[in-house]
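Structure, as structure tokens:
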Ligand code: S3P
């Protein structure tokens, strides 16, 4: 059974919905941010501050490549891992990709209190809306390549997990609960 990859912008609920989905379907869960943290001893924010964004991209991509060799896992990917030209074949080969889509107002609300943990967003709440809009514009075309798209605005993790499970019913060999 292929993996289930959850992709999307920071704050879209990948980790919390991913955990809920794994529990619901009786599958194992992994999160690329946490896997890098386990290997490096640094949180994503700490890693980026200390070693830079380029090193972070390399580390999270390596972790994604390793995790893609497993199967039947629910894997929440850091917001910077997307089906880009280089990674799209790996996404397609090894998993079903689900884009957790959240409106900009929803993201703003969810991210306002967590700037310290997200160096890419800067430290000014005043500029946050613009930063979100700029990054989303760059990333949306890649996120949109996902096999499934789920709108998470206003949903709890359990509700998001239920929507994903429902959408997965069209695939054979997936636990349907
Ligand atoms: C990033 C998202 C973060 C983390 C890092 C970079 C991004 O993960 O990987 O801070 O570039 O969007 P979450 O999407 O889990 O917050």
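All of the numbers you see were taken from the coordinates with simple rules; none came from a lab. These figures come from a predicted structure and were not determined experimentally. Backbone-built Cβ (ideal geometry, glycine too); neighbour counts: all protein chains shown.
At what distance in angstrom do the alpha carbon centres of the range 1-33 and the range 60-86 lie from each other? Here the two parts' Cα centres lie 11 Å apart.
Which shape class applies to the range 78-177: rounded if a/c is under 1.5, otherwise prolate when a/b exceeds b/c and oblate if not, where a ≥ b ≥ c are the square roots of the Cα gyration tensor eigenvalues? Verdict is oblate for the range 78-177. Against the main long axis of the alpha-carbon atoms of the chain, helix 128-143 sits at an angle near 40°.
Within the listed set 85, 58, 50, the Gaussian network model of the chain (springs between alpha-carbon atoms below 10 Å) gives the highest mean-square fluctuation for 85. Taking every DSSP helix (H) stretch of at least 4 residues in the chain, weighting each as -39,500 (n - 2.57) and dividing the sum by the residue count yields a mean residue ellipticity at 222 nm of -15000 deg cm²/dmol.
The Cα atoms of the range 134-177 give a gyration tensor whose axes a ≥ b ≥ c have a/c of 1.5 or more with a/b no greater than b/c, which makes the shape oblate. Comparing 97, 86, 131 in a Gaussian network model of the chain (Cα springs below 10 Å), the most mobile by mean-square fluctuation is 86. Using the Cβ-Cβ distance between residue 65 and residue 126 with R0 set to 30 Å, the FRET efficiency works out to roughly 0.20.
Computed over the range 19-177, relative contact order equals 28 percent, with contacts defined as Cα pairs under 8 Å that lie 6+ residues apart. Checking the a/c ratio against 1.5 first, then a/b against b/c, what shape does the Cα gyration tensor give for the range 29-143? Since a/c reaches 1.5 but b/c is at least a/b, the shape of the range 29-143 is classed as oblate. Mean-square fluctuations from a GNM of the chain, with a 10 angstrom spring cutoff on Cα atoms, peak among 102, 153, 127 at 127.
Exposure proxy ranking for 126, 36, 63, based on other Cβ atoms within 10 angstrom of each Cβ and starting from the fewest, stands as 126, 36, 63.
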